[in-house]
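Have a look at the structure below, then the notes.
Each reported figure results from applying straightforward, stated rules to the coordinates on display, with no laboratory input. Computed from a predicted model, the values in this text were never measured in an experiment. Neighbour counts are summed over all protein chains in view; Cβ atoms, including those assigned to glycine, are modelled from backbone coordinates with ideal geometry.
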Amino acid sequence: MKREQAPTLYSSACRGVLWLLLLFIPLHAFAATEKDEARARLLFTEVRCVQCQSESIADSDAQIAGDMRREIRADIAAGRTDAEIRKELFDHYGDYVLFRPRLTLSNLILWTLPLLIVGVGGVFMFTRRKNLVESTQYALSDDEENKLRIIMKKRD
Amino acid sequence: MTHFNEIGSYCLVLAFSLSLGQALVVAAGQTKPLRGLARYAEGLSLAAALAIVISFGVLIYAFIRSDFSVVNVFEHSHTDKPLLYKISGAWGSHEGSMLLWCTILLVFGAMITLRGGGLPAGLKHKALGVQGLLGAAFVGFTLFSSNPLWRLADAPLQGQSLNPALQDPALAFHPPMLYLGYVGLSVVFSFAVAALIEGRLDRAWARWIRPWVLLAWSFLTIGITLGAFWAYYELGWGGWWAWDPVENASFMPWLAATALLHSAIVMEKRDALKAWTVFLAILAFTFSMMGAFLVRSGLLTSVHAFAVDPQRGILLATILLMTSGAGFTLFAVRAPTLSPGGLFAPVSREATLVLNNLLLSAALCSVFLGTLYPILMQALFNKTMSVGAPYYLAVFGPIMIAALAIVPISGLMAWKRADLKGVLQRLMASFAVAALAAAIGAILYRGPTLLSQAEYMVGLLTGFWLILGSLRTLMQHLDFRLNRVGKALRRLPAVPLATWGMLFAHIGLGVFVLGAVVESHQKLSVMQSVAIGDTLKLGQYNLTFKSLYKQAGPNYDAQGGAFEITDAKGKLVCEPRPQRRFYPASNQVQSKVALCFTPLDDLYIVMAEPQMAADGPNAGKASWQVRFFYNPWVRLIFLGPLLMALGGVFSLCDRRLRLGIVKKAVKA
């Protein structure tokens, strides 16, 4: 009689993990929402409710937020692109309404400095590391230097 | 009974004088003839802490007794308030919270004396001197411009009560936790300045500050999480983090402290990154003070901000500029004289930690710019602008993802010189499983755009990678082999607590990332006007408005809706009861959110005020604006940081930190 090969611990563990992961994925949330509505909701998070305290129109239940949501939905239904809608909002309310600041000369530092830090810092690390590695052999730590000093004193 | 308050005021003056004395004896002790004076700073720090604790105790007692002869109690309390909120009212205002800040500051100063047995006397006394100076500045500010124990000539019979939004358990504990974090960093600052004055920065110093950084970081983590949780279920907007300037103000010291935590490890192990670590130590407390300043300056409007008073703002800004300005100046003068450390191979654990610091600094920079840019644009060019979530997602997000991606690699790397190829090979399986899970998640999720689909997948990958990669690190420590599981498990108790701390912190981070990614991408919501009997549909859930009910609370009258949620099969999920609470004392209405607990997801219902519909199907009937959210995996967002803070506590309990091993080593 041929014995069925028992699953190895590893494979069953893997399978277990997979099932566990699948269980946790909230399947019921995947009911298809209309693309337009999803696009509108994404845009809402970018638009500041102009009469509220730093809230987007997605979060605010103020009257004006409702009006703005309605306008944006209408714009999307009319076939406008996100860029056109942003432009229209900017023309109407100015920079204040956009939670995503425009890429302008005065906003250049805001948009680029963090990435510049990564770039310059990375280059710095990369170019300096050679002499660092070379000098490793010769450097003494503070403790070692202290000990050395004590030894030297004893010699004197 | 009112003489109690005078004792409190007296003790506040005493605490100010003692702190000033503490700074002065240390300063005097730097001259040769008065050298012996510096050690009196120890006793003075204990006395100052005692005085301020009494003063703060008196304020709390005045709140408990509802002693309205104290202005602060009159303005922020009411006899009908439950005891917890009477007590938390003591730090619910600008003045009271300043006193809390000072209390923690001086108590931590005393802790330097009490716990600093192994410290060299010179360093300890200089640190106490700096701490005394900070204490004098902040206690002086509280005493002269924001005294919470100020009295009224005629005590009113009733108080004006606390803002109802602040009457919440999470918010009762949020400020103390946050301040323990903010002010814990003051000790690190004092040690940094003291070491710069001494001109001695060595591995021992890094070890001395590490428990303080860990302590402050853990409290800060808990404090920010409580704040986010409060914003989530008390403010009724369904979100938990808005990149609001005040939230950012608490996040910046956290980022700086996180970077400091990691660079101090490098300094302790490899005697490298000295100047950078000391710079971060000064920076972290600078951001703490900036947080305190921003909230009180009137520069920002936010739900978390205190009442506006420009004069106090200017005073606080002066303290901030003088203390951190002095710190940074000292750093600029002394940093070049520090023995250059920074000796390490490009492939080593210290190199990955340096990379982590670089990325964290860039991330910190983006939060800093995003917070201050609108203020600066307004002040300099009179232009209004906004910086919000889309900016942070675009700039902060990728930098942080990069920082998180190297975490598991760093955990498996050896100090000094590591084998990158070997490390990557060992992480292959973790990465494969994480990628598979992320891919499955991304396929199941139908994002509105390709970009959001990609964001979702990268986010899931990062979260799973952090968790699985950390588990792989644990396996490494246990020398885990599939055919010798028992042997590996027996090694569990031998894993050092500091390692557990690291694993918990990184796994917690992964848990948080998963929660944040799933919640932000899969959240559903609907807002509609409903009358009794109406049903709202959201995803697979149906919310039915059954009836209205009334309830009398301790200091409010509530009107609530009894709802019923059923799933697609018609099975009852839960019966949420959101409320609208009217607080007669302050004549304010507060919406109370109802949460349905499913293991990971939240169903979140909030009711707005009733209205009479003029037309439509509900004409002539009263209806309520109801917002109904489905927040998947939102629990993980709050669970993750708690795991992280727990990790901090584990690390703190590690024997290596408690014992003065370094001290012994130096003696030997």
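Placing +1 at every Lys and Arg Cβ and -1 at every Asp and Glu Cβ, with all other atoms neutral, what dipole size does the protein assembly as shown have around its Cα centre, in debye to the nearest 20?
3760 debye
Suppose R0 equals 35 Å. What FRET efficiency, 1/(1 + (r/R0)^6) with r the Cβ-Cβ distance, do A:Lys35 and B:Glu609 give to the nearest 0.05?
Approximately 0.55, to the nearest 0.05.
Report the charge-dipole magnitude of segment B:168-339 in Debye, nearest 20, computed about the Cα centre from +1 at each Lys and Arg Cβ and -1 at each Asp and Glu Cβ.
It comes to approximately 640 debye.
Within a 10 angstrom radius of the beta carbon, how do A:Ile151, B:Ile605, B:Ile54 rank from fewest other beta carbons to most?
Starting with the residue having the fewest Cβ neighbours, the order is A:Ile151, B:Ile54, B:Ile605.
Once you list every other residue whose beta carbon is under 12 Å from the beta carbon of B:Thr598, what net charge do they have if Lys and Arg are +1 and Asp and Glu are -1?
-2
Using 0.36 nm per residue of separation minus the Cα-Cα distance, give me the extension gain between B:Thr384 and B:Arg481 in nm, one decimal.
28.9 nm
Any idea what the alpha-carbon Rg over 2.2 N^0.38 Å comes to for segment B:525-591?
The value comes to 1.29.
Please report the Cα spread of segment B:142-225 along all three principal axes, rounded to whole Å, starting with the longest.
60, 32, 12
Only counting other Cβ atoms within 10 Å, I'd like B:Lys592, B:Lys32, A:Lys35 sorted with the fewest neighbours first.
Least to most surrounded, the residues fall as B:Lys32, A:Lys35, B:Lys592.
Can you give the extra length, in nm with one decimal, that the chain gains between B:Thr566 and B:Ile443 once fully stretched, where that is 0.36 nm per residue apart less the Cα-Cα distance?
That works out to 41.5 nm of additional length.
Tell me the Kirkwood hydrodynamic radius of segment A:35-97 in angstroms, computed as one over the mean inverse distance between distinct C-alpha pairs.
Evaluated on segment A:35-97, it is 11.5 Å.
Please compute the net charge surrounding B:His262, taking Lys and Arg as +1 and Asp and Glu as -1 over other residues with Cβ under 14 Å from its Cβ.
+2
Please report, in Å, the Rg and the Dmax of segment B:168-339, where both are computed over Cα atoms only.
17.0, 54
To the nearest µm²/s, what D does Stokes-Einstein give for segment B:387-434 at 25 °C and 0.890 mPa s, using the Kirkwood radius over alpha carbon pairs as Rh?
Taking Rh from Cα pairs, D becomes 195 µm²/s.
Could you work out the relative contact order of chain B? I mean the mean sequence separation of Cα pairs under 8 Å and 6+ apart, divided by the number of residues, in percent.
Computed value for chain B: 11 percent relative contact order.
Based only on Cα atoms, what mean projected area does the convex hull of the protein assembly as shown have, in nm²?
43.5 nm²
Given the DSSP H assignment, sum -39500 (n - 2.57) over each helix run of at least 4 residues in chain B and divide by its residue total; what's the result at 222 nm in deg cm²/dmol, nearest 500?
-21500 deg cm²/dmol, from helical runs alone.
Rounded to two decimal places and with Rh computed the Kirkwood way over Cα pairs, what is Rg over Rh for segment B:356-402?
Over the Cα atoms of segment B:356-402, Rg/Rh equals 1.07.
Can you find, among B:Trp212, B:Trp240, B:Ile222, the residue sitting farthest towards the positive end of the charge dipole of segment B:192-252, where Lys and Arg contribute +1 and Asp and Glu -1 at Cβ?
B:Trp212
Apply the Debye scattering formula to segment B:406-523, with a single equal point scatterer on each alpha-carbon and no solvent, then give log10 I(q)/I(0) at q = 0.19 Å⁻¹.
-1.01
Given 37 °C and 0.692 mPa s, compute D for segment B:26-140 with the Stokes-Einstein relation, Rh being the Kirkwood radius over Cα pairs; round to the nearest whole µm²/s.
This corresponds to a translational diffusion coefficient of 211 µm²/s.
Sticking with the crude label model, points 7 Å out along Cα→Cβ, report the distance from B:Thr535 to B:Val495 in nm, one decimal please.
Placing both labels 7 Å beyond Cα along the Cβ direction yields 4.9 nm.
Based solely on C-alpha atoms, express the radius of gyration and the Dmax of segment B:457-569 in angstrom.
23.9, 64
For B:Thr329 paired with B:Leu83, estimate the spin-label separation in nm (one decimal), with each label point 7 Å from Cα along the Cα-to-Cβ line.
5.1 nm
With the calculation restricted to Cα positions, what are the radius of gyration and Dmax of chain B in angstrom?
Reported Rg and Dmax, both Å: 26.9, 90.
Placing +1 on the Cβ of each Lys and Arg and -1 on the Cβ of each Asp and Glu in the protein assembly as shown, which of A:Pro101, B:Ala414, B:Leu466 has its Cα farthest towards the positive end of the resulting dipole?
Positive-most Cα among the choices belongs to B:Ala414.
Based only on other Cβ atoms within 10 Å, what is the fewest-to-most ordering of B:Phe512, B:Phe628, B:Phe480?
Fewest-to-most ranking of B:Phe512, B:Phe628, B:Phe480: B:Phe480, B:Phe512, B:Phe628.
For a quick check: with amide H placed at 1.01 Å from N, whose amide H comes under 5 Å from B:Leu538's, ignoring anything fewer than 5 positions away on the same chain?
B:Leu543
Which entries of B:Lys126/B:Lys269; B:Lys126/B:Lys416; A:Lys147/B:Lys32; B:Lys81/B:Lys546; B:Lys124/B:Lys416; B:Lys81/B:Lys550 show an alpha-carbon separation above 23 angstrom in the structure shown?
The answer is B:Lys126/B:Lys269; B:Lys126/B:Lys416; A:Lys147/B:Lys32; B:Lys81/B:Lys546; B:Lys124/B:Lys416.
Using the Kirkwood formula over every pair of different C-alpha atoms, what hydrodynamic radius in Å results for segment B:195-296?
14.8 Å
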